[in-house]
């Protein structure tokens, strides 16, 4: 087991890459990212799944090759397969996805069931963040974000930059606060308790980039803007989707403390050169945020806190422009 | 009162379908919309993306509405929000995201302008919060307002969130506060300079002029010259026979004061303002009216020529005590006697 994988696709008007790295080779709890595109309908689905290692640390069984697998490991892969199945084998009604996953997990529970579970333990727990998109010949692409937990989906465009289109299942939704505090999740996919698959719908002018990522990518940076900087910095030095995928894998292992997976779909670009050219205008914007952080002397926490807050205050409005609203109680 | 506004219509399409729709069947909604069908009788039917439309060709529907489910950023500017200071009204710009959570409810309530639909309740919260705070409590007011808005999630099929509030009159407040602070700081600093006496003032002057004493020395020399000139002028006046006696007396006082350092000499004597009766008495005595310093002479009424018997030859009156007239020109008159 290598501990990392990169897959890519380049077609007319459609570019895609998925990146997957493991902290401990062979034991990563992130599933390989999902990407399926149907050319006839112009629809596709892209998603990431992060098995919850703490709550799902219990053993789930042994693989055919003899490797022990945790509940978290199994849950992320299983849920990935279920989302793919929902896309390929159903009418793709978003409201049905929850039932599709929940029913299958309860069935699967029998095989991976443990006798004693504490309140902190969950059966087959995982996060999911997926984007179901449709782009015909129109100038806009429709999308629906489907998520549970703290993995995220984004829309990236040349005008407003990276915009989060999911809302973490945590008490706070402030991206900077989440970076510094890592609060517990209030909802995730699992087999033994009720959970919710949130749905947020939108449309975005094409060309645009859709991104899904687990917290291994966005949870170990200094400011929310730095994640966009990682995406654009690696894009800038790449010539193809394959190179961009590899650059993203190289970059993330340098700063993350977790398994990390990320999937990208670029719609409406004539090729990689146009993608890189169109997004180059954003590079200067996010580079300024990164430069301010880089200029702080090591150990100067007071300045770091102030600069970080200032960066977030300036970055936040566009970043949250498409963020769904917390549902009324 | 609402000012500038960004809004949207949540009902993107409204159709009144014919009874039979062979060629224009009702289509399933797109991914970011929901279709609400209002039958002739009974409850509305909600159709989500991917779901088949019941009775797409033959269904009897009074109305069909497509409702957007997108997250949309809205904005409005609220003018004339009261604060704790009755003389200061606040303006605030509120940005927030808005999302339809119940398309049926939106169609039922007929909302076609989302921002205007939610503005009254948001404006009410802003008014309640800001009226508690003085203009000087800008930061606390803003924090409280954001906290109150964050709690608000929406209702009636609408969810609200991601609030960004900007108080637009803050620059006025900041300008005022900054000016006050700068003035206060200057006063505090200058008080130290003044308390330090002459040496501190000289030091301050040198600081302000990069240690160059030229202008200070020049100013001092100029002051000495002015003083000398004035002294010479005073001496001249005090010895000039043609000078106005008043000026002469003042000049003497000044010169004596300078030479002998007697402050009493410098101080003009207290002078009693003459009452009208004193003036009349003085006139009766034949003396000219006297005026108070800085005042005008009481007018001396011309004496009526009276026909009287030739007066007896009087004894020569005693020489009147020589009085210094304070009326201009009287000195020359006296000289002519």
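Of note:
- Values of log10 I(q)/I(0), in the order q = 0.12, 0.13, 0.14, 0.21 Å⁻¹, for the range B:110-242 under a Debye, Cα-only, solvent-free model: -0.74, -0.80, -0.85, -1.20
- Note on A:13, A:312, A:147, A:20: ascending count of other Cβ atoms within 10 Å places them as A:13, A:312, A:20, A:147, the fewest first.
- Using every pair of distinct Cα positions in the range A:179-254, the Kirkwood expression returns a hydrodynamic radius of 15.3 angstrom.
- The range B:214-266 pair-distance distribution - Cα-Cα, 5 Å bins, rounded %: 4, 22, 20, 20, 14, 10, 6, 3, 1
- Summary of packing: across the peptides A:258-269, B:248-259, B:231-242, the per-residue average of other C-beta atoms within 10 Å ranks them, highest first, as A:258-269, B:248-259, B:231-242.
- Its DSSP H runs of at least 4 residues, each contributing -39,500 (n - 2.57), put the calculated 222 nm mean residue ellipticity of chain A at -12000 deg cm²/dmol, to the nearest 500.
- D by Stokes-Einstein for the range B:10-68, Kirkwood Rh over Cα pairs, 10 °C, 1.306 mPa s: 141 µm²/s.
- Compactness of the range B:1-139 as Cα Rg over 2.2 N^0.38 Å, two decimals: 1.43
- Equivalent ellipsoid of the range A:118-224: semi-axes from √(5λ) of the C-alpha gyration tensor, largest first, are 27, 18, 9 Å.
- Debye intensity ratio in log₁₀ form over the Cα atoms of the range B:72-172, taken at each q of 0.11 Å⁻¹: -0.34
- Relative exposure of B:144, B:83, judged by other C-beta atoms within 10 Å (fewest first): B:144, B:83
- Kirkwood Rh, angstrom, the range A:1-98 [1 / mean 1/r, Cα pairs]: 15.0 Å
- Percentage of interatomic Cα-Cα distances in the range A:170-329 larger than 22 Å: 50 percent
- For the range B:103-124 and the range B:183-234, distance of Cα centres in Å: 69 Å
- As a proxy for reagent exposure, A:134, B:62 were ordered by neighbouring Cβ count within 10 angstrom, fewest first; the result is B:62, A:134.
- Anisotropy class of the range A:4-319 from Cα gyration tensor, a/c 1.5 cut: oblate
Values quoted throughout were computed directly from the atomic coordinates according to the rules given, and no laboratory measurement underlies them. Everything numeric in this text was worked out from a predicted model, so none of it was measured. Methodologically, a virtual Cβ is constructed for each residue, glycine included, from the backbone with ideal geometry; neighbour enumeration extends over all protein chains shown.
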